[in-house]
1. In debye to the nearest 20, how big a dipole does the range A:151-501 give about its Cα centre with +1 on each Lys and Arg Cβ and -1 on each Asp and Glu Cβ?
2. Below 10 angstrom from the Cβ of B:Thr252, what's the summed charge of the other residues (Lys, Arg +1; Asp, Glu -1)?
3. Projected onto the charge dipole of the range B:88-279 (+1 at Lys/Arg Cβ, -1 at Asp/Glu Cβ, origin at the Cα centre), which of B:Pro136, B:Val177, B:Tyr94 gives the Cα projection farthest towards the positive end?
4. Where does the charge balance sit around A:Ala295 when Lys and Arg score +1, Asp and Glu -1, over other residues with C-beta under 11 Å from its C-beta?
5. Would you work out which of A:Phe317, A:Ser424, A:His334 lies farthest towards the positive end of the dipole of the range A:151-501, given +1 charges on the beta-carbon of Lys and Arg and -1 on that of Asp and Glu, about the Cα centre?
6. Among residues other than A:His202 whose Cβ falls under 15 Å from its Cβ, what is the net charge (Lys/Arg +1, Asp/Glu -1)?
7. Quick query: amide H of A:Arg286 versus all other amide H atoms, modeled in the peptide plane; which residues come in under 5 Å with a sequence gap of 5 or more or a different chain?
8. Quick one: angle between helix B:251-279 and the longest Cα principal axis of chain B, in degrees between 0 and 90, rounded to 10, please.
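Computed from the coordinates by the stated procedures, all read-outs in this text should not be read as laboratory data. Computed from a predicted model, the values in this text were never measured in an experiment. No Cβ is skipped: glycine too gets one built from the backbone with ideal geometry, and neighbour counts run over all protein chains shown.
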Amino acid sequence: MGALSNPFDPNEILWTGCPCGMHATMYEHQLAMSQSATGSRFYTSETTGAETVEQSVQQQQAAHSDMRDEPEIANTDPDVDWNDQEAVLARCVESAVMKGIFGTDMNRRKFLRGVGSATALAAVSQFVPLDALKAAIIDAKGPLEKTKLNVGFVPITCATPIIMAKPLGFYERYGLDVEVIKTAGWAVSRDKSLSGEYDAAHMLTPMPLAITVGAGSTSVPWTMPAVENINGQAITLANKHLDKQDPTKWKGFTFGVPFEYSMHNFLLRYYVAEAGLDPDKDIQIRVVPPPEMVANLSAGNLDGYLSPDPFNQRAVFDGVGFIYKLTKEIWDGHPCCAFAASQKFIDETPNTFLALFKSILDATAYSQDLSNRPEISEAISPKNYLNQPTTVVQQVLTGRFADGLGKVRNEPTRIDFDPFPYHSFSVWILSQMKRWGYIEGDINFKDISEQVYLATDAQAVMKEMGQTPPDITYKSHTIMGKTFDPAEPDAYIDSFAIKRT
Amino acid sequence: MTTTNNFGLKAGLLSIVILLLFLFGWHMLVVAQQGPAAEGLDPEYAALLGKQATEGDSALPKPHEVGAELWQHISDPFYDAGPNDKGIGIQLAYSLFRVLTGFGLAALLAVPLGFLIGMSPVIYQALNPFIQLLKPVSPLAWMPLALYTIKDSSLSAIFVIFICSIWPMLINTAFGVANVRKEWLNVAKTLEVSPLRTAFRVILPAAAPTILTGMRISIGIAWLVIVAAEMLVGGTGIGYFVWNEWNNLSITGVVSAIVFIGLVGMFLDILLAHAAKLVAYAE
């Protein structure tokens, strides 16, 4: 009995309700049967052999292995394995459809006995798209509000999980038909996200915070369900500065960063400030779109840049610069890019969002495994995605790379993938936004962080997917030997000699 | 007849000679930029670098490399390998569609409005400050505003084309209409032709060459602007194509795109020049 019985078998009792349809429950049905002298006991005996409803309910709740052991209820279809979630769900859908068509179990069995199971299956499939129904229900626990989505990305290796989820089929796995759309830069990505053209997008981790507090754009509640990548950036210097591999010698340099609200900007500022340079006075920081960084470096317009890959590696590949420092050497495990969506998207299409979130988490976990990286490099290098030579992308993702100084370095965590959006990441970013005057006045670090970075949701979803998220959402970080305590952001800002507040 | 034939032949030959000289100069420039190959590189290290770094190759492609790239695009112009990778034919079609839509809408508005302005000195004076203020604004300056209000990047691109095409057509139409020879209007008046009939039978044919010149200027500007607009918003179109090649630092790809942009721009101009010939008249 129950959901797992084959609904196309006339000898099965499918529904725990009354089989003749005259009574609300099996209990009432059996009572009626037993009270009537002429009443047949047929159904009762055929059902489960159980005398009372209580018992049958208990059996339902009993472990499924017990159900198979009981000869009276051995009508669970052997084709369906309880441990196979998809098969179980598929069977439930079939049952539900049959229930919808026939109403009562008696009708169903009569019909099946009359025409035969195979004919019935064919006939029902004609009118009800069983396969499509099954697929829809397996893919998400609730129906997806929509399956066609547009997700924007900027062509850099930070977006690896978002991009590779398309050619390697992670979106499909969750029933989504996602177009990943290449975007010229973050300002455009932000504008297209705000306008609703993108359902979700690749952004920089500070951007959802900036959008939410209204720094540099209108204030719209934005969320960051997951971090895309950790580490994976570098400071690249032009070849002519081979003798200046020391930040104290950088006075008067012009540096490129990809966006104002970026980890690149904040890490570069942090790094030069630790060396005693004021990033607003002693050096010039320009916003340059990543692809133009290499050309500007070779033309001498930039002395260096802190930019996303593959453009650091590309400078080495084209022989115009060298990798001076990986950002993991500044802060090992720093967040960089983000998978971001508007609060509106989550509120209006929660199931779609969940499916998308899961496909990103799944893709991120896959990207985490170093042994998958060569395959991913192949998948994301073509014109449709990064449009870069595969050797360049592969050097970034595998961490075995030429540094431009004549050495091959091996840094497996040069870029890494960890989706967990610690609230303390956000507090650090906000502390730097305040330190450099991007936001003014008192801000509630904790509230904004917890509103935008969906660490608690990430914990729940990751657990459900069998991943192991951390138990905490705040932790202290060490950046260039200095400890950051997320509980005391204001004291942290005050502790710096060079700041704008 | 023979003299004009000779003239055309001479000019054509000269064109070819100039082209060959240009290609030769280009080739020599690239060869001259060839630096020394890097020596003593660890082969394992060298395998991770590009030819520019290991062999001292110039970043500029040689003419025959661009030729090969052009041929590749021409031989398969309509492939579609996903939203970010389409053949040159499809990209040009997207751009042309945007330009023609924006230009068409602008013509629908500019020509009647220009007519009114040209007929009435009062309206002309009243609208003149606005036209003068808006005319010199770079179309791309409208882009953020368009993106923010229209909330659709493709429509925004069309809007930008619309706004940049409208001014030359408006001004030229008004000028053409205002400068129809007084004698012709007086003749029409004497013959007691109705104002509507005068507009269509006298003013329109008289102003048509000026209007067409305005259109020709407009479509030139529109084609210039679409490339920049698409580079900005991305997605599809020839501007996106240029940006995508630039993203890969592929100068070869950028140069081939320049050739295609030039060819299409020339084709559009020739089309309107022919239209202008149709309405031309000798006084």
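1. Once rounded to the nearest 20, the dipole reads 920 debye.
2. Net of charged neighbours comes to -2.
3. Sorting the options by dipole projection puts first B:Val177.
4. It works out to a net charge of -1.
5. A:Phe317
6. Overall, the nearby charge balance is -2.
7. It is A:Phe255, A:Gly256, A:Val257, by chain and number.
8. 20 degrees
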